[in-house]
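Let me begin by presenting the structure, written as structure tokens, before commenting on it.
The values are calculated or read from the model by the stated rules, or taken from the named source; none is laboratory data. From a predicted model like this one, the values you see are computed outputs, not experimental measurements. Note that we place each Cβ from the backbone using ideal geometry, even for glycine, and neighbour counts take in every protein chain shown. Note: areas computed on protein heavy atoms with side chains; ligands, DNA, RNA excluded. Shrake-Rupley method; radii C 1.70, N 1.55, O 1.52, S 1.80 Å.
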Amino acid sequence: MKNAKKIKINVHSLRSRIRIVILLLSVLLIATVEITMTRSIRNMAEQAMLSRMEGDINYIKDLIWQADHDRKTYSGNQDKPVAEDGDWSIQDGALFYGTILIGDGTEENAYLEPFQLMKGRTGSFSYTFVRCPDEGLTWAGDGKGGYQQGHYLRVAGSTLDSEGNTIIGTYIDKKVADIIEATGIYCGYANVVGEQVFCMYSPLTDQNGNRVGVIVVGRSVEVIEAQTRKTAGLLFWLIVVSVLLVDIVLNAFATRWIAKLDIANHYLMDISTGAFPRKPLDLHTRDELYVTAQCINEMTDALKEKERISGELEAAANIQRYMLPREFAENEAFGVNAFMYPAKEVGGDFYDFFMTDEDHLAVVIADVSGKGVPAAMFMAIAKMLIKNHAQMGLKPCEVFNRANALLCEGNETSIFVTAWMGVLDLRSGKLTYVNAGHNPPLIRLKDGGFDWLKSKPGMVLAAFDTVKYEQNELIMSPGDRLFLYTDGVTEAMDAENSLYGSKRLKDHLDVHGAEAPAQVLNGLKADIDSFAGGQEQFDDITMLMLDYREKAGEGGNCETAERDFPAAEAALQDAIGFAEETLAARQIPARILSRMLMAVEEIFTNIAKFAYPGGEGTVSLGICTEDKTVRMRFTDQGVPFDPTQAEDPDIDLPLEQRETGGLGIYLVKEIMDEVTYSRENGRNILQMTRKY
Amino acid sequence: MEIRKETDGTVLRFTLSGRLDTLSAPELEKELNDPLIRTQELVFDMAGVDYISSAGLRIFLCTQKAVSGSGSMKLIRVNPDVKEIFDITGFSGIMDIEQ
């Protein structure tokens, strides 16, 4: 958790993106609206224009009517035929309103060109066109002739040609003319008298209903376009303002949401660095972000719980590590050094060493199957059971018998333990050891090389509660060394998955095994590490080195009196005398003295009787006293015989079944606190001690 | 090792003194080797015995076996130190021992 990297983020990218999207959408919206609306605006302007032009046409017709009426009243020319209102005709190629010749150039008729007035009134312009008669026009022509039937020509009473003649002017637009010819009416754009205009044509009919001409009212296209531009411009700004308002609102919302996301992000960043905020995350919303916050809070709680558990696991691992003795012994009698290098988390290996009494040092190494907390718990139990039973003074095999039985109780998980324990008698050098399925240790005897201390291994611990373990013995001499290890040593792997192996181990020890224990172990670990080349190891690596230095009780205070005797009953008296004299001189209490003499008598007699069958030999008796302890040692070169292995007589048998032999050795074992036997260099060495 | 032997009616009394060890045991053994011993009421006065080893124990065990069923055997006035040896070896359970 603590190693989590600080996440590098661009905290503004989402906000910028939202802003850009809003902006783009706004531009798109404005453009679309503007384009579609401009067309409608134009249509509307055209419609407005049309209705106005319709009014204009009606006004013009009214004017004509009024003019006719006025003319009648004004001129008093009553005899002339009066046409009905709007009664247009063409006679002899000229246009008449009733009897009035339009555009005849006379003052009287001049005002019948009323259309010029229109500009002043509505801003429209107007023209009158006449339909070319079936027969060509002869009147007021421009002299060019060539009129075609169905053409509409503009009536321009005030228009003069170069010779001063009134002319009927310009053609109407051909396209328009065709439409008018077909439908009689046209609204729209057209070219009128050389100008592009928006206009309306209204037909003029004679009394027979024949179309004789048209009135055109129009306005410059410019006017419509200006009006359209003006309205569209207004609309544009209206849309821009509305869209901007919407943008501001959206942006405010987005900013608010993103700000909440930012809060959530910072909260998560804190968690990712292992700093759990005290308060739960509250984004002050009831929307989807609320769910996000809830989930983050639940996740935080779960993480806290995990953190707590992992903290406890770490504590468990520490407890386990501290359970292993780390104050190593370095004294005159022996040196012990050890370490466990856990592969991962909590492992199952352990080593142990402790004194079971003043003179006995126990060394233990074990490997619990499996990993993690179950293995660690089992390891703690196994370690305590072995140590407790060993410190009760039980024999090593019995320690394993009992520890095994207890470990089997309720071991549903099929965890098992391989273990090796040796108990070294520091006075005699006797090592009693027991093996429960563990790889045998290496031992170096007498300046030689290291070799495996092989013994028939027993069943692993915690597998079957009925297993009986066997112990073996061996005498270590000062300078001898014992190296215990777990298979993590020999099974350390390099990158190619090859194993460190037994040979490398033995070779290393043979070269460096004489160095100080701590140095040996560190050197070996370094060798394994260089072999593994940084490869992570799957198994714990555990090792222990015992350096036996000096027989306790032989240096310092222990003054040894030693004498050789012939191994014959005749010398018994001398031997007892020697013992009595030696012990009496050292103020041994009489009762103990008597017991010691009894032991001397029993052992000496035994040796005299059995050590040298049919021959002669000597027996050496050494006696020393130290710290209120008597130590005696018999050495002979006779046939190998270990009295400690002799079967004890059953003292509870009834008389008839009692054996008369074996009593002597039994007595000695009972009298002495400890009796040990070893065979070295062809010699039987029997050592015994008794405290007083 | 001093061995004094006296007959008192049906009782054959041995008064022992000194060390009953490997060296002296054969002496006592010789005294008890007589087949007639088997029918006797034997009493060993152990007041003077301050030391006994397995050789001595063996003699008492053999004698006890011999008299068993036909005679009897009793150790009296046994020194506590010696009595302890009888206790250790379980002899106290199969012999009549008085302190």
GluC sites (Glu not before Pro) within the stretch A:274-328: which are DSSP loop residues with at most 15 other Cβ atoms inside 10 Å?
A:GLU327
Shape verdict for the stretch A:609-692, please, from the Cα gyration tensor: rounded (a/c under 1.5), prolate (a/b greater than b/c) or oblate.
oblate
Using the basic label-point model (7 angstrom from Cα toward the beta carbon), what is the A:MET299 to A:PHE538 distance in nanometres?
3.4
Provide the solvent-accessible area of A:SER242, counting protein heavy atoms only and rolling a 1.4 Å probe, rounded to the nearest 10 Å².
60
One checks the Cα atoms of chain B and finds Rg and Dmax, in Å, of 12.1, 34
Send over a whole-number figure in Å² for the accessible area per residue of the stretch A:621-692, probe 1.4 Å.
46
Of A:PHE610, A:PHE565, A:PHE339, A:PHE538, which has the most accessible area and how do the rest follow, probe 1.4 Å?
A:PHE538, A:PHE610, A:PHE339, A:PHE565
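Given contacts defined as C-alpha pairs under 8 Å and at least six residues apart, what's the relative contact order of the stretch A:336-443, whole-number percent? If you can, show how the numbers build up before the last one.
Numbers: 169 pairs, mean separation 29.0, N = 108.
Contact order relative to length: 27 percent.
Of all accessible surface on chain B at a 1.4 Å probe, what whole percent is carbon and sulfur?
That share works out to 44 percent.
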Contact surface B-A: accessible area buried, both sides summed, square angstrom, 1.4 angstrom probe:
2100
So what is the accessible area of the stretch A:324-548 per residue, in Å², with the probe set to 1.4 Å?
41
In the stretch A:259-301, trypsin sites (Lys or Arg not before Pro) in a DSSP loop with at most 12 other beta-carbon atoms within 10 Å:
A:ARG278, A:ARG286
Taking the stretch B:2-97 and dividing mean pair separation by its residue count, relative contact order in percent (alpha carbons under 8 Å, at least six apart)
28
What are the residues whose amide H is under 5 Å from the amide H of B:ALA47, where those residues sit 5 or more places off or on another chain and H is modelled from the backbone?
B:LEU16
Which value in nm describes the separation of the simple spin-label points at A:GLU314 and B:CYS62, placed 7 Å from the Cα toward the beta carbon?
7.9
Using protein chains only and a probe of 1.4 angstrom, how many square angstrom of A:GLU358 are accessible, to the nearest 10?
140
Using a 1.4 Å probe on the heavy atoms of the protein chains only, list every residue of the stretch A:558-583 that has 10 Å² or more less accessible area in the complete assembly than in its chain alone.
A:GLU569, A:LEU572, A:GLN573, A:ILE576
Members of the stretch B:74-94 that become less accessible by 30 Å² or more once partner protein chains are added (1.4 angstrom probe, chain alone as reference)
B:ASP81, B:GLU84, B:ILE85, B:ILE88, B:THR89, B:ILE94
Here the residues of the stretch A:620-651 whose accessible area is at least 10 Å² smaller with all protein chains than in the chain alone (probe 1.4 Å) are A:ILE651
With an 8 Å cut-off on Cα pairs and a minimum separation of 6 or more residues, tell me the relative contact order of the stretch A:550-692 in percent.
26
